[in-house]
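Would you mind keeping the following structure in view while I ask a few things?
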Amino acid sequence: MDRRAFLGTAGAVVVSLSGCTEGGLREADYDIGMSANAFLPERYEATVGETVVWGNNGSRRHTVTAYDEALPQGADYFATGGFDSNEEARTAWFDGGGGGAIAPGDTFSNTFDVPGEHGYYCIPHEDAAMVGVIVVAE
């Protein structure tokens, strides 16, 4: 192959990816990114009725899993995979081979209808302090 043609092709690939993150998402596609071991930002402010979108812009599988005890009274539980409790989500992850995972390049969204602090974490990376909070104001 002609070296110049190869370098030109490689340059075109770099240019076409310049607006994307590692997982193939653009920052405009999500509110909260998921890197190797962190939600970015860790603390996100929303208003009642707002839909928040998480995007896996890293190379590892992640979850968004609410802490049952860290939800305001009356708030709906939320988790990737549609689980109804923290216990159910953990069981699906550990016993079910990674249930509820968000693959690189995928998103998850949740609408917050109750004001207060909504704590959540990533099941496989909780020990690495991959936790976050959505602060919902009226």
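Could you list, in sequence order, the residues of region 44-58 that are within 17 Å of Gly119 (Cα to Cα), buried (at least 16 other Cβ atoms within 10 Å of the Cβ) and not small (Gly, Ala, Ser)?
Correct list: Tyr44, Glu50, Val52, Trp54.
I'd like the full set of residues that are closer than 25 Å to Arg26 by Cβ and of a type in the set (Asp, Glu), limited to region 100-138.
Asp106
Related question: Could we say that Phe108 is within 13 Å of the chain's Cα centre (by Cα) and closer than 18 Å to Arg43 by Cα here? Lay out the reasoning, then the answer.
Details: within 13 Å of the chain's Cα centre (by Cα): yes; closer than 18 Å to Arg43 by Cα: yes.
So Phe108 passes the test.
Now, a different point. Taking the conditions exactly as written (without any contact (Cβ under 8 Å) to a residue 40 or more places away in the chain and not aromatic (Phe, Trp, Tyr)), does Asp106 satisfy them or not?
Values: without any contact (Cβ under 8 Å) to a residue 40 or more places away in the chain: no; not aromatic (Phe, Trp, Tyr): yes.
Criteria not met by Asp106.
Could you grab me the full set of residues in region 109-138 that are in contact (Cβ under 8 Å) with a residue 60 or more places away in the chain, over 21 Å from Arg60 (Cα atoms) and among the small types (Gly, Ala, Ser)?
Ala137
Hey, could you check region 92-115 for residues that are surrounded by 17 or more Cβ atoms within 10 Å (Cβ to Cβ) and of a type in the set (Gly, Ala, Ser) and say which is farthest from Ala38 (Cα to Cα)?
Ala92
On to the next question. Give region 91-121 a look and list any residue that's among the charged types (D, E, K, R), outside any strand (DSSP E or B) and closer than 19 Å to Val133 by Cα, or say none. Spell out the reasoning first.
Let us first name the residues in region 91-121 that are among the charged types (D, E, K, R), namely 95, 106, 113, 117.
Going one step further and asking which of them are outside any strand (DSSP E or B), we end up with 95, 106, 113.
Asp113 - this is the single residue of region 91-121 that is among the charged types (D, E, K, R), outside any strand (DSSP E or B) and closer than 19 Å to Val133 by Cα.
So which residues in region 59-73 are surrounded by fewer than 22 Cβ atoms within 10 Å (Cβ to Cβ) and in contact with a strand residue (DSSP E or B) (Cβ under 7 Å, 6 or more places away or on another chain), if there are any at all?
Residues of region 59-73 that are surrounded by fewer than 22 Cβ atoms within 10 Å (Cβ to Cβ), as a first pass: 59-61, 67-73.
Residues satisfying the conditions are Arg61, Tyr67, Ala70, Leu71, Pro72.
Take the residues in region 74-87 that are outside any loop (DSSP other than H, G, I, E, B) and surrounded by 18 or more Cβ atoms within 10 Å (Cβ to Cβ); name whichever of them is modelled with the highest pLDDT.
Step one: filter region 74-87 for residues outside any loop (DSSP other than H, G, I, E, B), giving 79, 86-87.
With surrounded by 18 or more Cβ atoms within 10 Å (Cβ to Cβ) added as a condition, the list becomes 79, 86.
Values: Ala79: 98, Asn86: 94.
So the residue we want is Ala79.
Among the residues of region 122-132, write down those that are surrounded by fewer than 19 Cβ atoms within 10 Å (Cβ to Cβ) and under 21 Å from Ala75 (Cβ atoms).
Initially, region 122-132 is screened for residues surrounded by fewer than 19 Cβ atoms within 10 Å (Cβ to Cβ), giving 124, 126-129, 131.
The answer is Glu126, Val131.
The values are calculated or read from the model by the stated rules, or taken from the named source; none is laboratory data. Since the structure is predicted, the reported quantities are computational estimates derived from the model, not experimental observations. Heads up, the Cβs are rebuilt from the backbone with ideal geometry, glycines too, and the neighbour counts pull from every protein chain shown.
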